[in-house]
1. Would it be correct to say that A:Ala101 is among the aliphatic types (A, V, I, L, M) and within 13 Å of chain B (Cβ to nearest Cβ)?
2. Counting just the residues of the range A:69-128 that are among the small types (Gly, Ala, Ser) and touching a Lys or Arg at 6+ places or on another chain (Cβ under 6 Å), which one comes out nearest to B:Met1 (Cα to Cα)?
3. For the range A:183-202, give me each residue that is closer than 19 Å to A:Leu3 by Cα and surrounded by fewer than 19 Cβ atoms within 10 Å (Cβ to Cβ).
4. Within the range A:111-122, can you find the residues that are more than 10 Å from chain B (Cβ to nearest Cβ) and assigned to a helix (DSSP H, G or I)?
5. Taking the criterion of being outside any strand (DSSP E or B) and over 26 Å from A:Val177 (Cα atoms), would at least one residue in the range A:30-44 satisfy it?
6. Looking at A:Gly51 and the list (1) in contact with a Lys or Arg (Cβ under 8 Å, 6 or more places away or on another chain); (2) within 14 Å of another protein chain (Cβ to nearest Cβ); (3) not in a helix (DSSP H, G or I), which single condition is not satisfied?
7. What is the one condition in (1) crowded, with 16+ Cβ neighbours inside 10 Å; (2) within 14 Å of another protein chain (Cβ to nearest Cβ); (3) closer than 30 Å to A:Thr44 by Cβ; (4) of a type in the set (Asp, Glu) that A:Glu72 does not satisfy?
8. Looking at (1) over 16 Å from the mean Cα position of the chain (by Cα); (2) hydrophobic (A, V, I, L, M, F, W, C); (3) outside any strand (DSSP E or B), which is the one condition that is false for A:Ile212?
Amino acid sequence: MALQVVDLVKRYPTGTEALRGVSLEIEAGEFFGLLGPNGAGKSTLIHCATGLARPTSGTIRVFGHDAIEHYEQARLAVGLAAQELNLDWFLTVEETLDYHAGYFGMPRRERRERARELLDTFSLTGKKDDRTRTLSGGMKRRLVLARALMHRPRLLILDEPTAGVDVELRLELWRYVQQINGEGTTVLLTTHYLEEAEQLCDRVAFINEGRIVALGTSAELAAEYGVASLEDAYLELVGRKELSRARGEILP
Amino acid sequence: MSAAQIRFFSLVRREINRFLKIKRQTVGAPLLETFLYISVFGAALGSRIDELAGFDLDGLLRPAAREV
């Protein structure tokens, strides 16, 4: 089991209940999608799994390691590509990768080799000595992903990796993520692009107002709601089926 | 080196690197500030104070200014 979440509740001091008893199991090697409207609790769930937020109650385990009690072991297994481009603007591309792997305890030679390999994969070799703030948006996005992969995580968490990314790069990212999933890495993806989830994910969970409201393959979910696509199932779920493109009402 | 040492030294290297990359702010600015402080106070007060704890002010400040 790559990720096991049981009855997870997260209540912020302001009184906001971001998660209201989420239970979820992701098998090792799976490509799992977490979908839901803004503010549904997706990022909070990810933050709880990576130690960035402390759950109010419930348990969360990463490859059997408790994410709170045994934070270190749990964190070592996870690669996180956060939603925002949280790069250090003062470092170069290569330093960014090198230090990150260092924080995870990778020896120098291994760090160098891995950095070279990832720079090559993400077509950043020519930019390795440039400061990260001088990179274009797409390059920054690629670097965030490369950094998440530096320590060879067994679970890769992608928090809206394709938000604001051009078509070309999006397809490139998909291909690469599919490839590493094929090599055995478990992937947890959150996205607003339902087409993306439909194409990539083995299973999909809908999260809304801090609860998992539906879970299954995209075909199962569409069948459950008696609609043709994942997008329509999503709209049914959030109570906005009048927006459905299948009805053809809003298209000219 | 153990994994814990690698982590610790990665942080140390990163902090030093970051400090040195913005030398103008982290080294240059404090130097300039100290120099201005000493020269302005020296010029403004130097002529009015003859001696301080048995030493004359000029003799106290000049070596410090030279250090800067």
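Values in this text are rule-based calculations from the coordinates and carry no lab data. Everything numeric in this text was worked out from a predicted model, so none of it was measured. Methodologically, a virtual Cβ is constructed for each residue, glycine included, from the backbone with ideal geometry; neighbour enumeration extends over all protein chains shown.
1. yes
2. Ranking the qualifying residues of the range A:69-128, first place goes to A:Gly105.
3. Answer for the range A:183-202, where residues must be closer than 19 Å to A:Leu3 by Cα and surrounded by fewer than 19 Cβ atoms within 10 Å (Cβ to Cβ): A:Glu183, A:Gly184, A:Asp202.
4. Listed by number, the residues that qualify are A:Arg112, A:Glu113, A:Arg114, A:Ala115, A:Arg116, A:Glu117, A:Leu118, A:Leu119, A:Asp120, A:Thr121.
5. No; the residues of the range A:30-44 include none that is outside any strand (DSSP E or B) and over 26 Å from A:Val177 (Cα atoms).
6. (2)
7. (1)
8. Failed condition: (3).
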